[in-house]
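Notes to accompany the following structure.
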Amino acid sequence: ITMGIDYMIEFNIDAAVAPAVMEKFNAANIPVVAIDVLHPGAIYFGADNARAGQIAGEAAADYVNEKWGGEYDYLLIITQMAAGEVAATRTGNVRVGMENKGIQVPDDKYVEIEGQNDAQVAQARVADFLMAHPDAHKIVVGTNNDITAAGAHAAAETAGREFDIAVFSQNSTAVFVEPMYEKQGNWSFIGSVGYFPDRYGEWVFPIIDKLVAGEPVEENYYIDHVFIDWSNISQYYPLDNLPWKNLG
């Protein structure tokens, strides 16, 4: 603001500070495009969290039907409260997606744990869950991102129960993609919903162009989400052209 900017692209993942940030930008009458976390008074760009959660849940239901004969023991959800209520729909709607495909999720089969966006925290808490449920061998794990998904997978692997879980994650980052190639799809981290942050610029700057031109803009702009698994990973993340490999 003190630099006299005309527009702001704001990427802040802590929803709790968004009102304070926007109070200053709104007072200065500077239009803001907020990335991935809703900011009051800003144009939102990024994940359609509700839809992304449903996509993961629908993929999980397909897996339960095809691999486990339509039966499962628990749906274990790893959340991140700091991201706010809107982002929370990406995990909450895993349940919705499963039920869309005919797999009912009663309360006694639904468990939430807070992962704090930390692989070690998620690993410890999933390890506790597994220890408390030694007879559960068909556990669907839905996570807020690949970081906590990796923690969940590590907990099951360390416990000698890797294939007691099936992990359905969000973001499709290197944490998921590179091990998927290394294991040739033979692990319990089944898939991750793609957000394609390497392409954010393709969507964000046309919004700024509209603002500059004085054209009308929408309140929300969403990326296209795709569930990435072993069957289509080479289409979206070819091994010889991984986007993060090009970062200097």
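Compute the long axis of helix 200-213 from its Cα atoms, compare it with the longest principal axis of the Cα atoms of the chain, and write down the angle in degrees, 0 to 90, nearest 10. The angle comes out at about 20 degrees. With the full set of protein chains in place, find how many percent of the accessible area of the range 42-119 is carbon and sulfur; take the probe as 1.4 Å. The computed percentage sits at 45. Over the residues of the chain, the helix contribution to mean residue ellipticity at 222 nm works out to -13000 deg cm²/dmol, using -39500 (n - 2.57) for each DSSP H run of at least 4. Taking amide H as placed 1.01 Å from N in the peptide plane, the amide H of Ile77 sits under 5 Å from that of Val111, Glu112, Ile113, Gly142, each at least 5 places away or on another chain. The Cβ shell under 13 Å around Ile113 holds other residues with a net charge of -3, Lys and Arg each +1, Asp and Glu each -1.
Could you calculate the FRET efficiency of Glu202 with Phe163 from 1/(1 + (r/R0)^6), where r is the beta carbon distance between them and R0 is 35 Å, rounded to 0.05?
Details: r = 38 Å, r/R0 = 1.09.
According to the calculation, E is roughly 0.35.
Note on Rg and Dmax of the Cα atoms in Å: of the candidates (i) 20.1, 69; (ii) 16.8, 49; (iii) 19.3, 62, the value calculated from this structure sits at (iii).
What GluC sites (Glu not before Pro) does the range 10-84 have in DSSP loop regions with at most 10 other beta carbons within 10 Å? Kindly include the intermediate steps, with their values, before the conclusion.
Numbers: sites: Glu10, Glu23, Glu58, Glu66, Glu71; in loops: Glu71.
Here the sparse-neighbourhood loop sites are Glu71.
Quick check on my link table: of Lys109/Lys183; Lys24/Lys210; Lys67/Lys101, which ones sit more than 18 Å apart, alpha carbon to alpha carbon? Each step should come with its number before you reach the end.
Working: Lys109/Lys183 30 Å; Lys24/Lys210 23 Å; Lys67/Lys101 15 Å.
Long pairs (Cα-Cα over 18 Å): Lys109/Lys183; Lys24/Lys210.
Once the cut-off is 16 Å, how many percent of the Cα-Cα pairs in the range 34-125 end up in the long-distance tail? Don't jump to the answer; show the numbers that get you there.
Numbers: 2466 of 4186 pairs.
Above the 16 Å cut-off, the range 34-125 has 59 percent of its Cα pairs.
Hey, how much of the P(r) for the range 113-248 falls beyond 18 Å, as a percent of Cα pairs? Don't skip to the answer; put the middle values down first.
Values: 5492 of 9180 pairs.
Considering the range 113-248, 60 percent of its Cα-Cα pairs are separated by more than 18 Å.
Distance from the C-alpha centroid of the range 1-75 to that of the range 191-248: 14 Å, rounded to the whole angstrom. Solvent exposure of the chain amounts to 49 Å² per residue of accessible area, where only protein heavy atoms count and the probe is 1.4 Å.
Which angle between 0 and 90 degrees, to the nearest 10, do you get for helix 18-27 versus the longest principal axis of the chain when only C-alpha atoms count? Here the helix axis deviates by roughly 10 degrees. Normalised by the number of residues in the range 156-216, the mean separation of alpha-carbon contacts (under 8 Å, six or more apart) gives a relative contact order of 32 percent.
In degrees from 0 to 90, rounded to the nearest 10, what is the angle of the helix 119-132 Cα long axis to the longest principal axis of the chain? The angle comes out near 30 degrees.
May I ask you to derive the relative contact order of the chain, considering only C-alpha pairs under 8 Å and at least 6 residues apart, and to give it as an integer percent?
This gives 18 percent for the chain.
Normalised by the residues of the range 114-248, what does the relative contact order come to in percent, with Cα pairs under 8 Å and at least six apart? Provide the component values of the computation, followed by the final result.
Values: 181 pairs, mean separation 26.0, N = 135.
Computed value for the range 114-248: 19 percent relative contact order.
Taking 0.36 nm per residue of separation and subtracting the Cα-Cα distance, full extension of the segment from Ala124 to Lys183 would add 18.9 nm.
The values are calculated or read from the model by the stated rules, or taken from the named source; none is laboratory data. Quantities reported herein were computed from a predicted structural model and do not represent experimental measurements. So basically every Cβ, Gly included, is an ideal-geometry build from the backbone, and we count neighbours across all protein chains shown. Quick note on the areas: whole protein, heavy atoms, side chains included, nothing else; ligands and nucleic acids left out. Shrake-Rupley method; radii C 1.70, N 1.55, O 1.52, S 1.80 Å.
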